[in-house]
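A.B. asks: One structure follows; several queries about it will come next.
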């Protein structure tokens, strides 16, 4: 990487947010407290929203904040509250042979890094790209991607009905 | 910014999520790890969208977010059902389908 690139504010911001996200993600998968894991997941999701802003995707960033941090995290906290006997640390969160996950993740990461370095080595993102406006995104969704949008609305309908049927007491 | 920085960030999150799916026994924690994986995919989609100067990646990312929300809703309903029937959310106890 060029030294001049490091001075750009976007780069510094990227590395700070990326470090926070990685620490948060590691805490999500290692903490012994389910509520803490949910709150660390909020950190990762907010960092992802910040990265979307850096990637000139403001509408997706706002959707991320509203849907993930607003709705999905509330669902997770409700799920935690409704399914746990005690609030606090638990010893029983990991599988017996959880350590198998470490070599799998490390090998997968090594493979991906080699492949990515091979394929995209020093390719730069365009720094002066215009921000993608909400209008452009909506033109895409309601134009060429209209059929998937309909399919998606049926997926959400099926999910709502399925969740009601599954969770209903009778 | 380099394209690779975003892709490697996505790879890190993906691998942490895969570790979580493998290592965790609590069903809620597994769902959280799946959220990590889906977010890493979104970062990749948006990075490639910026690189190619198109907005297709944004549309895909929005669809991924919607499907993830649906998945969490159904997943947590299943976890609730499991807890109600067995008083536990351990995935290793769901062994009835073992041959």
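A.B. asks: Over what distance in Å are the Cα centres of the stretch A:105-170 and the stretch A:37-83 separated?
C.D. replies: Their Cα centres are 14 Å away from one another.
A.B. asks: Can you tell me the orientation of helix B:3-23 relative to chain B, as the angle in degrees between its alpha-carbon axis and the longest Cα principal axis, to the nearest 10?
C.D. replies: Helix B:3-23 sits at roughly 0 degrees to that axis.
A.B. asks: To continue, here is another question. Under a GNM of chain B (C-alpha, springs under 10 Å), which listed residue has the highest mean-square fluctuation: B:36, B:81, B:45?
C.D. replies: It is B:81.
A.B. asks: Apply the a/c threshold of 1.5 to the C-alpha gyration tensor of chain A and tell me whether it is rounded, prolate or oblate.
C.D. replies: It is oblate, given that a/c is not under 1.5 and a/b is not larger than b/c.
A.B. asks: Additional query: Take every Cα pair under 8 Å in the stretch B:1-90 that's 6+ residues apart, average their separations, divide by the length, and report that relative contact order as a whole percent.
C.D. replies: Over the stretch B:1-90, the number comes to 29 percent.
A.B. asks: Still on this model: Say each of residue B:81 and residue A:114 gets a label point 7 Å from the Cα, pointing the same way as Cα to Cβ; how far apart are those two points in nm?
C.D. replies: 4.3 nm
A.B. asks: Can I ask one more? With each label point set 7 Å from Cα along the Cα-Cβ vector, what nm distance links residue A:23 and residue B:96?
C.D. replies: According to this spin-label approximation, the distance is 4.5 nm.
A.B. asks: Using a ≥ b ≥ c from the Cα gyration tensor of chain B (square roots of the eigenvalues), is it rounded, prolate or oblate, where a/c under 1.5 gives rounded and otherwise the larger of a/b and b/c decides, a/b for prolate? Walk me through the intermediate numbers first.
C.D. replies: Values: a/c = 3.80, a/b = 2.15, b/c = 1.76.
The shape class here is prolate.
A.B. asks: Taking Cα atoms, how many degrees apart are the long axis of helix B:56-86 and the longest axis of chain B, rounded to 10 and kept between 0 and 90?
C.D. replies: 10 degrees
A.B. asks: Which angle from 0 to 90°, rounded to the nearest 10, does the C-alpha axis of helix B:27-52 make with the longest principal axis of chain B?
C.D. replies: 10 degrees
Each value in this text was obtained by applying a stated rule to the coordinates, not by laboratory testing. Computed from a predicted model, the values in this text were never measured in an experiment. All Cβ positions, even for glycine, are placed from backbone atoms using ideal geometry, and neighbour counts span all protein chains on display.
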